[in-house]
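Quick notes on the structure that follows.
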Amino acid sequence: MSENMKMIISLMLFILVVLNYNIANAEGNPDSDDDRKGKIRGVILDKATSQPMEFANVAIYNEADSSLITGTITDEQGKFEITGVIYGDYYLEANFMGFDKSTIPDIELNSENKAYDVGTIDLSPAAVALGEINVVADKAPVEYKLDKKVVNVSQVISAVGGTAVDVLENTPSVQVDIEGNVSLRGSSNFTVLIDGRPSVLSGSDALRQIPSSAIENIEIITNPSAKYEPDGTAGIINLVMKKNSMDGLNGIVNASAGAGDKYRGDFMLNYRFGKVNIFAGADWSDETNYGKMFSNRETYYNDTTGFLNMEGSRNFIRGGHTIKGGADFYLSKVSTLTVSGETGQATRGNTGGGSTENYTIPASDHVYSVTEETSDRVNDFYSLNSNFQHKFNDKGHMIEASAFYKNENGTDNEIEGELQADPNFNPTNDYLSRVSSLETDKEQEFRFKLDYTYPFSETGRLEAGLQSRIEDETDKMEFRDYDSGSDSWIINDEFTSSTDFRRDIHAVYTTFSNKWGKLEYMGGLRGELTLREIMNSKADEASKLNRFDLFPTVHISYPFAETMEFTTSYSRRINRPNGRDLDPMPNYFNRYTIRYGNPDLEPEYTNSYEIGMMKRFGAGHTFISADLFRRVTNNKIDRTEALGDDGIFYLYTDNFDKDYSTGVEVTGNISVKNWLIVNANVNMFNYRITGDLNGESIDRESTNWGGRLNTTFKFSENSRLQLTGFFRGPSVTAQGNSKAMFFSNFSYRHEFLDNKLSATLSLRDPFGTGKFSRESSGDNFSSQFTWEREPRVVFVTLSYRINNFKEDRNTNRGDGGGMNMDGGEM
C-alpha cells in the first residue's frame, strides 16, 4: 500500500473518531435549562404551484392586544424559524405581495410546548386586480446568504440579450474588463460551475458562452465549504439554470440583435407529466466586438534605444451553438434520477491589423510595415450528466451519487503577417515575416461523486463524501513559415511539438455543523491526492507531481437581532496550473514575442479569511452589508517578460513568493416606495506581491478600489429603466501596473401581452470610456498597451414565454455545498 493511500485511510479514520465523539456529545448532553423562551417555525408554499416561497413575510402578534412582537422572512426553501419568543399566547400572519394573507391563531408557548410548528402555510395568489395593473413582486437584484451572494438575473435588465459576463458586470466582488475577462476580488483564478456541477468550458470562456436568458441566478461563493472542490483561489461562480415548475408544455424563446454584427438566440422547452419532467433547449450566437489597440515598446542596449510602435484594429469574435436536454424521473416519493447532456461548438477568434514603426536612436534604418492577424479557434464538445438522490426521511437524511463525462476536440489556426510599407503605411507585396500555427487538442474528463448527509439532531448535520476526477489531454502544435518563392507553408521543427497531459485527483471530505444557542457553526476538512504527469515529444523524460493536500474550512454565524447578522469564515484553496502554462515548448506570437511554459510549476495555495456583517431594514430588500477579507497566496504564479540578446521578447511563467489582498467591501440595497431601487457596491483593498526575479526583488504594493451603481426606475409594473456604472481603479503586477477603467450602460424594458412578451433596448458604453491600459518594465525595456472597445452599442432583445413559463424555485441542482442548517442558510 502506498504512503499516500495510508494517509487517506488515516485521515478518514481520524474524521470518523472525531465525528462519533461529537455526535455522542450532542445526543448525550441536552440543554435542560429553561429560559422561558420558545420558538415558532413553519414552511410557506405557493398554493398554485406547491413551490416554496422565498422572502415571504411572517409576523407574530400578541393574542391579547394584537401588538406586533417580532417577525422574519422565509429562506429559499420557504422555511422560517423565530427564536427567543417569551412564553405566551400569540397568532401568526403570513403574506407576500400579490398573495392573500393567511392567519394562524391559537399559538401557545410554555415550558411543555417550547417549540411550536405551524406546519405548511399555503398562500393563494390574490384574486383582486388593481385596475389593469397586475401585482408583481420583485426579487432583490443581489441577495446575501451566509456563505454566498446570489444575483437574480431577471433584475439585471442591462444584461438582457447578453451572456453571463454581462450579468457579472453588475455583481459585487466581481470585476469585468472590457475584453470580457472576469476576475473575483482581483483574481482571475476561480471555478465555474453550472447547477453545482463542472462546466465543459472553464473560467471566462464558459461565462462568455452561456446566454443570460437561460440563467435563473448566479451564486458568488468566495469561501466555499469542504464539500466543494478547492480549485480556484478566489472561489466559485455557480450558474443556476432555469427550469420550469409547472405541468404541461411550457417554454421561453429569446432573440437579440446588436449594432456591429452581434446576434444571439436561444429557447427552452419543458414538458412535465406525472412522475417525469423532460427539458430541452438550444442556443446560438455570432458576435463581433470591434476595437482598437495601441502599443509602444522601448528597448535599451548600451547607448542605443530601440522603439517599436503599433497601432490598429483588434476585433474579438465569439460564437457557437449548443443543444441540450434531459429528464427528471421521480422514481418514488423519496428517490429521484436525473440524466442530462449537451453537445455543441464554441468558436473564438481575433482579427486585426495596423501600422508598425520600428527604429532606433541613434538613428538606423527606419522600418515601416503593415500587420495582418487572424485567429480562429473551434471547439467541438459534448458532456453527459447523471444524478441519483435518495431521501431516507424528510429531515434531510439522504445520499446522492453523480457522474460526469466530457469530451472536447479543438483546433486553433493562427496566421500573422507583416508587409513592408512606405512612410505613409501603404503596404507593398513583400513580407518581412509571415507565419502560421495550427494547434489541435483532445481532452476528456471523468468525475464521480458520492455524498452522504445525516442530520443527527434538530440543528446538527454531518456530511461526508468521496470524489474522483480523471483528466486526459493531448495537445499538438504545428508551426509553419511562409516561403514566398514557392508560395507555400513549410513546417518549422524548432517550434513544432506535442504534449500529453494526465492528472488524477482523488478526494475525501467531511463537514460537521450544529447550533449552540444562537451561534451556528460549520467545520470541514477535505483531503486530496493529486497525481500529474506531463510528457513533451522533445523532452528527455516526463515531469511528474505526486502530492497529498489538506483543505480545512470554517464558517460561523451569529444573529445579534432578527435583522442583523455576523458571519466569519476561512478556507484553504488551490490553483492548479493548466496545460498551456505547463507546456515547455515555445509558442510563437510574432517575430517580436515568444512564450514558454514551465512543466515544473507548482500549484498556488491560498488561505482566505472573511468577516461580514449585514443589517436588514424592514421585511423588504433594503439592507447594508460590510465584508472584511484577507487572502494570502503562496507559490504565486505570474507571467514575466525578458528581452533577449536577439531583440525578441520572451514571456515566461513561474512561481514567485506570495501575494496578499486585504480589504473591505460595502454593499447597500435601497428600495424607495415602489418606483426606485438603488444597489451600490464599493470595495477597497491593499494588494502586495513579493518575490525575486533574476536575483532582483519584485516586491510591489498598491491600494486598489472600485465600485458599481445600479439604479432602476419603475414607471409602472411593466415598464422600467435601469442605469448602471462600473469603476475599477489602478493596480500593480509583477513587472508593471494596470490603469483605471470606467464604463456604463443604459437599458429600458417593457412588458406586453400580460407579461408574455418583453422587449428590451440597451445602450452599452454611451460615453465611450471603456478601455484597458497596462504598463510593464524591466532593466532593459519598457512597454505600454491600450485597447479600446467600440462604444455606444445598441442592443434590442425580444423574449416570449410559452404557456406562462415559470422558473422552478426548488429544483435539485446538486450543489449541496451551502450551509443549510435547520432549513436556513448559514
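The values are calculated or read from the model by the stated rules, or taken from the named source; none is laboratory data. Computed from a predicted structure; not experimentally measured. With ideal geometry, Cβ positions are generated from the backbone for all residues, glycine too; neighbour counts draw on all protein chains shown. With ligands, DNA and RNA removed, areas are computed over all heavy atoms of the protein, side chains included. Shrake-Rupley method; radii C 1.70, N 1.55, O 1.52, S 1.80 Å.
The table that follows gives values for the structure above.
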quantity: In the range 715-769, the residues that are of a type in the set (D, E, K, R), over 22 Å from Lys292 (Cβ atoms) and not in a strand (DSSP E or B); calculated: Glu717, Asp754, Lys756
quantity: Candidates Asp422, Asp376, filtered to the one that is in contact (Cβ under 8 Å) with a residue 12 or more places away in the chain, more than 23 Å from Ile210 (Cα to Cα) and surrounded by fewer than 16 Cβ atoms within 10 Å (Cβ to Cβ); calculated: Asp422
quantity: Candidate set: the range 102-138, residues that are outside any strand (DSSP E or B) and buried (at least 16 other Cβ atoms within 10 Å of the Cβ); chosen: the one modelled with the lowest pLDDT; calculated: Asp138
quantity: Scope the range 690-705; condition under 19 Å from Glu604 (Cα atoms) and of a type in the set (Ser, Thr, Tyr); matching residues; calculated: Thr690
quantity: Top-ranked residue of the range 555-602 - restricted to ones that are touching a helix residue (DSSP H, G or I) at 6+ places or on another chain (Cβ under 9 Å) and among the aliphatic types (A, V, I, L, M), ranked as farthest from Tyr650 (Cα to Cα); calculated: Leu601
quantity: Residues satisfying the stated conditions in the range 554-574, i.e. modelled with pLDDT under 85 and open to solvent by 60 Å² or more (accessible area, probe 1.4 Å); calculated: Phe560, Glu562, Met564
quantity: Residues located in the range 627-668, provided they are among the aromatic types (Phe, Trp, Tyr), under 25 Å from the mean Cα position of the chain (by Cα) and open to solvent by 20 Å² or more (accessible area, probe 1.4 Å); calculated: Tyr660
quantity: Unmet requirement for Thr633, which otherwise passes all of (1) modelled with pLDDT under 90; (2) assigned to a strand (DSSP E or B); calculated: (1)
quantity: Residues being surrounded by fewer than 16 Cβ atoms within 10 Å (Cβ to Cβ) and touching a residue at least 60 places away in the same chain (Cβ under 8 Å) - total across the range 527-547; calculated: 2
quantity: Among the residues listed as Lys292, Lys242, the single one being at pLDDT below 90 and surrounded by fewer than 23 Cβ atoms within 10 Å (Cβ to Cβ); calculated: Lys242
quantity: Criterion: at pLDDT 80 or above and open to solvent by less than 30 Å² (accessible area, probe 1.4 Å) - qualifying residue of Pro586, Pro577; calculated: Pro577
quantity: Any hit, the range 48-63, residues being within 35 Å of the chain's Cα centre (by Cα), closer than 23 Å to Leu519 by Cα, in a strand (DSSP E or B) and not hydroxyl-bearing (Ser, Thr, Tyr); calculated: yes
quantity: Arg377 being among the basic types (Lys, Arg) and over 30 Å from the mean Cα position of the chain (by Cα); calculated: no
quantity: First in the range 388-410 and touching a residue at least 60 places away in the same chain (Cβ under 8 Å), second anywhere and open to solvent by less than 60 Å² (accessible area, probe 1.4 Å) and of a type in the set (Phe, Trp, Tyr), Cβ under 7 Å, 6 or more apart; calculated: Lys406/Phe381; Glu408/Phe381
quantity: Residues that are open to solvent by less than 20 Å² (accessible area, probe 1.4 Å) and either of a type in the set (Asp, Glu) or at pLDDT 75 or above (or both), drawn from the range 194-216; calculated: Ile215
quantity: Residue pairs meeting the criteria (Cβ under 7 Å; at least 6 apart or on separate chains; first among the β-branched types (Val, Ile, Thr), in the range 673-688; second part of a strand (DSSP E or B) and open to solvent by 40 Å² or more (accessible area, probe 1.4 Å)); calculated: Ile677/Ser671; Val678/Ile670; Val682/Val666
quantity: Boolean, Lys442 is within 24 Å of Phe479 (Cβ to Cβ) and open to solvent by 50 Å² or more (accessible area, probe 1.4 Å); calculated: yes
quantity: Flag if Asn302 is more than 21 Å from Ser375 (Cβ to Cβ), over 24 Å from the mean Cα position of the chain (by Cα) and open to solvent by 40 Å² or more (accessible area, probe 1.4 Å); calculated: yes
quantity: Failed criterion for Ala327 (all others in (1) at pLDDT 90 or above; (2) over 23 Å from the mean Cα position of the chain (by Cα); (3) among the aliphatic types (A, V, I, L, M); (4) open to solvent by 20 Å² or more (accessible area, probe 1.4 Å) hold); calculated: (4)
quantity: Evaluation of Asp89 against (1) under 41 Å from the mean Cα position of the chain (by Cα); (2) touching a residue at least 24 places away in the same chain (Cβ under 8 Å); (3) at negative phi; (4) part of a strand (DSSP E or B) (one fails), failing number; calculated: (1)
